[in-house]
1. Among the residues that make up region A:104-114, is at least one of them open to solvent by less than 20 Å² (accessible area, probe 1.4 Å), modelled with pLDDT of 80 or more and over 30 Å from A:VAL242 (Cα atoms)?
2. Select from region B:135-148 the residues that are under 30 Å from the mean Cα position of the chain (by Cα) and either of a type in the set (Phe, Trp, Tyr) or in a helix (DSSP H, G or I) (or both) and list them in ascending order.
3. Specify which of the listed residues (B:THR184, B:THR205, B:THR190) is under 28 Å from A:ARG8 (Cβ atoms) and not basic (Lys, Arg).
4. Testing A:ILE87 on (1) open to solvent by 40 Å² or more (accessible area, probe 1.4 Å); (2) in contact with a Gly (Cβ under 8 Å, 6 or more places away or on another chain); (3) hydrophobic (A, V, I, L, M, F, W, C), one condition comes back false. Which one is that?
5. Among the residues that make up region B:445-453, is at least one of them within 12 Å of chain A (Cβ to nearest Cβ), assigned to a loop (DSSP other than H, G, I, E, B) and either without any contact (Cβ under 8 Å) to a residue 40 or more places away in the chain or not hydrophobic (A, V, I, L, M, F, W, C) (or both)?
6. Hey, does region B:52-61 have a residue that's in contact with an Asp or Glu (Cβ under 6 Å, 6 or more places away or on another chain) and not charged (D, E, K, R)?
7. Whether any residue in region A:204-215 is in contact (Cβ under 8 Å) with a residue 40 or more places away in the chain, over 20 Å from A:GLY253 (Cβ atoms) and crowded, with 23+ Cβ neighbours inside 10 Å is what I want to check.
8. Within region B:224-243, take every residue that is open to solvent by less than 10 Å² (accessible area, probe 1.4 Å) and more than 7 Å from every other protein chain (Cβ to nearest Cβ) and give me the one that is farthest from B:ASP543 (Cα to Cα).
Amino acid sequence: MTQLPDGRFVDDAPYDPQASLLELERKDLDAPNWVLIWRKFKTHKLGLISGAFLLICYLLLPVVGFIAPYGPNQRMSEHLYSPPQSINFFHEGEFIGPFIYPMTSEADLETFQWVFKPDYDTPLKLEFFCEAKGYNIAGLIPSNTHLFCAPEGATLFLWGSDRLGRDIFSRILYGAQLSLTVGLIGISVSFVLGIFFGSVAGYFGGKIDWVINRVIEVLRSLPELPLWLALSAAVPSNWSPVAVFFIISVILGILDWPGLARSVRAKFLSLREEEYVRAAEMMGASSGRVIRKHLIPNFMSHLIASATLSIPAMILGETALSFLGLGLRAPAVSWGVMLNDAQNLASIEIYPWTAIPMLPIVVIVLAFNFFGDGLRDSLDPYQQ
Amino acid sequence: MAPLLSVKDLSIGFGKDDSVVRDVSFDVAAGETLALVGESGSGKTVTCRAVLRILPKAAQIRTGSIQFNDGAGSKELVHLPERDMRDLRGNQIAMIFQEPMRSLSPLHRIGNQVAEVLWLHGRKSEAEAKKEVLACFERVGFPDPERTYSSYPFELSGGMRQRAMIAMAMVAKPKLLIADEPTTALDVTTQAQVLGLMKELQRDTGMAMILVTHDLGVVANMAEKVVVMHKGRVMEAGAAEPLLSAPAHPYTKALIEAAPKIPAAAAPTDVPAQQDLILELNSVSKTYSMRAGKGWKAPSLIYACRGVDLHLPRGKTLAIVGESGSGKTTAARIALGAEPPDQGGEVLFRATAGADPIEVHEMDRTARTAFQREAQMVFQDPYSSLSPRMRILDTMIEPLEIHDIGDRAERREKAGAMLQMVGLGQDMLMRYPHAFSGGQRQRLSIARALMLDPSLLVCDEPTSALDVSVQEQILRLLEQIRDQKQLSYLFISHDLAVVARIADEVAVMRRGLVVEQASPETLFHNPQHPYTKALIAAQPEPDIHRPINLQLVAQGAGSPEDWPEHFRFSGFEAPPLVPLEPGHKVRCHV
C-alpha cells in the first residue's frame, strides 16, 4: 500500500490487467457431474457407510447359500422353537477355537413345552468349508459347500429355530434374496411408468397434463392397503412362488409411480424454463431430443435419489403383504413370510426370537433412507 | 473523532481454502457514504456481511478487527457476543439486500414486516410502531402509506419493494446502513429514483452508508469515499473525486474505461432509402389474455406489443431498448418465430440479399428448418444457457447434429474453430460449463449460436448479467464477429448506453409501443420523447460532475398520462409514430 498525497491508498502488488481468458475460473468444478456428486457424497459419512453396507448386502445375495448353515426349508423336527445358541471360544478357561454346546430337548410335561438345555460338558467345534445340504449359487451353479456348519450330532441355530424347527438365521439370509429384490423390481416398474407419464405431462402440458394429473390424483386417493390386498388376492393361488413374487413387485410398482411422476413433472416444468432448453428448441431440436438429451440427464440424479428413498416403502409393502398372508407364500421365504409366524402375541412372548426378522428390515430401511438422504444432499454440486 | 465504523486488516476465508478477503481496511465516518466497488467474486459482499456477522457457516473471520463506535464507546464486532450483536442488527446497523423480489416474506403484510424491526428492539407499542412505520412509508415515497401497510409483497413492483426494504432498514433510524447492490436488479429509471431517495434520506437523517456496487456510475452519484476491490484485495481506496477523475491503479482505470459511454454527437446522417432488409416486422402486435382472478369476469387482455414496425438492414444492428415489461423480449421472440403475432402482423425474413422474403409464421417444416439455420439467439443468463451435464464439445456440436451437418470430425473441427473465434482455447472442448466464469460462458453461448453460420443473431440482453469490464469485452467481441461474418443483430437491452456503442438504430419501447426510434447519436444528443430523456438522464456515469437529473427521470418514467401534453395519451389512444427528421421517429401529437 502506498499513500498518495491526496490521501488515497493504492495497492502496489503487481496487477495483470489481462487475466487470461483461457484460465478456468473454477478449476475444482472441472469434472463430469458424477465426479462432483461423488466428491460431495463422500463427505456425507452416514450415507457413505449405508451405501457401502447396502452394496455388500446386494453383492452377498447370490451366495447366501454359502453363508447359511442350513437350507431355507430344512427341518430339524427334534428342535422346534429352539432358542438362539451362542458361539463360544473358551471352554473352562481354555481357548479351543469357535465351538458350541449341543442342545438337548426335553418335553416338560407340566407346561407342555420343549425345554432346551445346553450340554456344557461336551463342546463341539464348528466345522468350516464343510459339505452339507446342496444349494445353487445365483440359482444356477449347484454346490454344497458351506462357510460353516453344525458339528456332527449337534445343531447350529444362531438366532433360534421356528415352529417347524427351521434355522431362523439361514431363513433370514434366504429371505433377503426376495425381500431386497422386490424393491428393485418394483422401483424399476414405477421408474419407467413415472418417467414416461411425468415427462409427457410436464413437456406437453395442456390436456394431456390434465388427464395424467387426474389419473394420478385418483390413484393416490385409493386407500393403499385394501388395494394391495385386492390385487394380490387376485393372484391365482396355483401360481409358482416366483411368479407370485414377480406379480407382487409389479403391483407395488404400479401403485408407486404417481409420486414419482409428479416429481418428474415438477422438475420438467422448472427445467423447461432453463435457457439451454429454450436454446435447443430454437435450434430446431425435436421434443424427443430435448427430453432425451437435455431434460432427462439433468434430472436423472434427482430421480435416482427419490427412487432410493422409495425403495424402503416397497420393502415394507412386501413385508406387510406377506405378513398378512397375502403376499409371498410358503415355500417362498421372505422376511414378511417369516414374520407371519410371529403374528401370535403368545408365541412372541414365549419364543421372542421368532420376531428377529424385524431386525434386518429395520436396518435395511434405515440404510436406504440414510443413503438416499446423502444422495439428495449431494445432487447440486455446483455451489460450494 | 473516532470514525463510526473502522475495519482493519480484515481477512475472511472459507473452510481450509485461501482467504477470499485479504487485509481489507476502511473507515466510515458518521453521515458519510463509502462505496465498496468490485466485480463479482471480489469479496465485497463478504466484507460487508462480515460487519453484521451474517456470513455463511463455512466462512470464518481469520484476522482483523471491526470497531463500531456508536458514540457511547466502541465495540469490537468480531468478538461481540451473539446476543449483543442481535441488538445491533437492524437497530444500529441495517442492511438492504440485492434482490427485492426475494428479501420480503411473501406471507406477511409489508407493514408488519417493517414494524417487526421496532417490535424486536422493544421500544414501541403497536399503535406507536404503526404510526412510525406509516411516517416512514410516506418518507420513502409510497403514495398511499395506509394501503401499503396492509398489502403483501407480490402486490408491489420491484422498485416499490426496494422502497419497502429501504423503509424496513430506515425505520429504526440506524447509524449505519449497508446496501448490498440495492439497485442492480432494477430498471435504470427506477434505479435512479431509488438512489435519489437513499441520498435524500441520508441527508435528512445523517446516517452513514456503505454502498456495495459494481457500477462506478452509481458510485459517482452517491459516494464520498471509494474502496475498489479485486479478488479479495483493496486495489485503491480514497476520496471519490480524485479516484474517479484520476485513477491511480490500473484496475480502477480499466473499470472506468469499461463503463459504457455516451457517444459523441454526430450530424444526423441521411439514411439511405434503399435497403436490403434481412428482417422486417410489420405492424406486429401481441395480446395475451390473462384469466381474471374471479371466475365470472372476462379475462383481461395484456398488450405486450402494439403495432411494432421494425426494419433490420443486412449487416446492421437494430437495438430495442426498454424496461422490463416493455415488450422488447416479446418482439424478439415473435421475430424468431417462437410465438405467433396477432392477426394482421407479419414478419418477413430474407436469407440472402434479393431473395424472396419468407413469412416467418407461415412456414412449413423444411422452411422452418432452413430458417432456424439462419437465425440464432444468444441468451441473457450465461449460467443457465449451457446444459451442466454436457461437455462443451457436445453443447457446441448439438446444432450441427440437429441439422445433420458434417460428420463427427468435421463438427469437432468447426467447434474448435468457433471457440478460437470467441477467444477461448481448443482444449476447453472437453470441459464442463461449471468450471467457467460468466464471461467465458457467454462467449461459449455466442460460439454455439455461430455454429450454424447464421445470418441473423438475436441477442437477448447478452451482457446484463455480466460485470462491467466483461460486458465491455463481450460487446467488443460481438462487434468484431459482426464485421467479420457480416452478421445482422437484433439486440435487446434495457441499457441505452450499452446499445449506443453497438447499434446502428435504436427503438425505445415502453408499454408495448415504440416511442422513439433513431440512430444512437441522434437519440443521445437530440432526444425528443420524455421517456428517452428519462432513460438518458437516469444513466449513472462514472463522472462525478454529472449527477442524475431526477426531475427528468421522474417525468419520463411516469405513466403516459403524466407526460408533457405533446406526448400524453391514456389507454389505447396512442399518438402515431411521426418522423421528425430523416431517420428519427417519435411518438407524439403533431
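The values are calculated or read from the model by the stated rules, or taken from the named source; none is laboratory data. Predicted model, so just to flag it, every value in this text is computed and none were measured. Cβ atoms come from the backbone with ideal geometry, glycine included; neighbour counts cover every protein chain shown. When the accessible area is computed, the model is the full protein with side chains, heavy atoms only, and any ligands, DNA or RNA have been set aside. Shrake-Rupley method; radii C 1.70, N 1.55, O 1.52, S 1.80 Å.
1. Within region A:104-114 (the criterion being open to solvent by less than 20 Å² (accessible area, probe 1.4 Å), modelled with pLDDT of 80 or more and over 30 Å from A:VAL242 (Cα atoms)), the answer is no, since none of the residues qualifies.
2. Residues satisfying the conditions are B:CYS136, B:PHE137, B:GLU138, B:ARG139, B:PHE142, B:PRO145, B:ARG147, B:THR148.
3. B:THR184
4. (2)
5. no
6. Within region B:52-61, not a single residue is in contact with an Asp or Glu (Cβ under 6 Å, 6 or more places away or on another chain) and not charged (D, E, K, R).
7. No - not one qualifying residue is present in region A:204-215.
8. In this case the residue turns out to be B:GLY232.
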